[in-house]
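Heads up, the thing below is written out as structure tokens.
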Amino acid sequence: MARKIIVMPQNGERSLLTEVLADNEAQLQELMKDNPELLPIDDFEMAGPLMIVGRETTLPSGAVDLIGVARSGEILLVEFKTGPQNSDFRHVLAQLLDYGADLWRMSYDEFESTVASRYFSGERCQDSRVKGKRLLSEAAQAVWSDFAAEEAEGLRERLSRQLEAGAFHYVVVAQSFRHTMERTVEYMNAVMPAARFYVVELVRFDADGFSAFESRTILKPSVTNGGRPPIVGPDHLEGIEDVAYRVALQELLDLCRGLGLRFEWGPSGTSIRLRTPDRPEPLTIAWLFPNRRGWMGLQNLNLGFDESSAKHTPTVRPVLERYVDKVRVLPGVEPVKPSWLQAYHLKPDVTVRNQHQIAEILAELVQQVNEAP
């Protein structure tokens, strides 16, 4: 049965809109190209807003519909399925992989020249914030108003690592998908450890001259990486030479597991996530990169939350702020550099000294979130 939404303007009669098929999928394609903020990157656990660096960008294998960069450093390749058949879907997946191969092992400077600078200076760029920019760092400062100068080097480093590894995020957008298509994406997420695939439906609602559009994340990589063994897991703590630090981290991870927190293991470490009543996607409340720098240049243990994700969990926002306030007063903690992360960094000796206080803070956070209305 078609879903419905109600539009209730402050001055005027309400309108009941019903989910309908768009006139054609090309219409939806152009809508999202013109309004890339429709891409639900918060569902992808990426920091936004998304910065578009390419639209119909020519590469050796063809033209990519959209190329975006999240503030957290991920590169998104977005392609639109414009036909109803499985063959159309397979064609889109093949195209995305070809585009990934084109970008694979580009240097940061090559990516900037081949993709971003061409877009910023071309006629397809309609975003006045980045129009005419030469450098990715300049565009980043224009799109993310609080983007600090010290973040530029971190962004360059993260993009360079992705380009070298080919660790891109592939997004397929369409009006609808069949079960067999979703199954194919699940399979690819399970067997391709570096790349990640997302399926997004863009749906139209219509009635009485009003139209509304909604993007829905239909499928994404699971928190457990499709059931395969994690790229990095607790066993990697064995590489930590400081025995006291290794034991403290293992005990904190055991505590988190006992509290029902979720882990998203990656090449450098893990994010630790908490379910909230506001949305099905868990919210990250800590990051651990025990042996080398990871996401956003973070290292060691970091406690806090991401502002861009927390805005979708208003019910527990006061609880999150109390959580960070308790972390802030722990002896020896340091604020992390990305100003839009409400988080604090704990060096190994600081974690060891404060282990029991950290455990109590995390347990209290979980309890208060579980008690939230």
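Given a cut-off of under 8 Å on Cα pairs at least six residues apart, what relative contact order in percent is computed for the chain? Working shown, then result.
On the way: 659 pairs, mean separation 47.4, N = 373.
After rounding, I find 13 percent.
Quote the Stokes-Einstein diffusion coefficient, in whole µm² s⁻¹, for the stretch 8-77, based on the Kirkwood radius over alpha carbon pairs, a temperature of 37 °C and a viscosity of 0.692 mPa s. Answer, rounded: 226 µm²/s. At full extension, Glu364 and Arg317 could sit 15.5 nm farther apart than now, given 0.36 nm per residue minus the alpha carbon distance. Computed over protein heavy atoms with a 1.4 Å probe, the accessible surface of the chain works out to 47 Å² per residue.
Give the average over all directions of the projected area of the C-alpha convex hull of the chain, one decimal, in nm².
Details: hull surface 80.9 nm².
Computed as one quarter of the Cα hull surface, the answer is 20.2 nm².
In this entry, the stretch 294-373 is assigned a mean projected area of 5.2 nm², taken as a quarter of its C-alpha convex hull surface.
Estimated from the Cβ-Cβ distance and a Förster radius of 25 angstrom, the FRET efficiency linking Thr18 and Gln126 is about 0.20. When the Cα atoms of the stretch 89-158 are aligned to their principal axes, the ranges along those axes come out at 40, 29, 20 Å in descending order. What a 1.4 Å probe finds exposed on the chain is 51% carbon and sulfur by accessible area, rounded to a whole percent.
Using alpha carbon centroids, what distance separates the stretch 110-140 and the stretch 9-69, in Å? Measuring centre to centre over Cα atoms gives 19 Å. Per-residue ellipticity at 222 nm from helix content only, as computed over the chain with -39500 (n - 2.57) for each DSSP H run of at least four residues, stands at -10500 deg cm²/dmol.
Given a cut-off of under 8 Å on Cα pairs at least six residues apart, what relative contact order in percent is computed for the stretch 119-278? Mind showing how you got there, number by number?
Details: 172 pairs, mean separation 20.8, N = 160.
In percent, rounded to a whole number, it is 13.
So how many Å³ per residue does the convex hull of the Cα atoms of the stretch 88-229 work out to? Could the numbers behind the result be given before it?
Values: hull volume 24.5 nm³, N = 142.
Per residue, the Cα convex hull of the stretch 88-229 comes to 173 Å³.
Both radii are taken from the alpha-carbon atoms of the stretch 1-136; with Rh as the Kirkwood radius, Rg/Rh is 1.03.
The values are calculated or read from the model by the stated rules, or taken from the named source; none is laboratory data. Quantities reported herein were computed from a predicted structural model and do not represent experimental measurements. Virtual Cβ from ideal backbone geometry, glycine too; neighbours counted across all protein chains shown. Quick note on the areas: whole protein, heavy atoms, side chains included, nothing else; ligands and nucleic acids left out. Shrake-Rupley method; radii C 1.70, N 1.55, O 1.52, S 1.80 Å.
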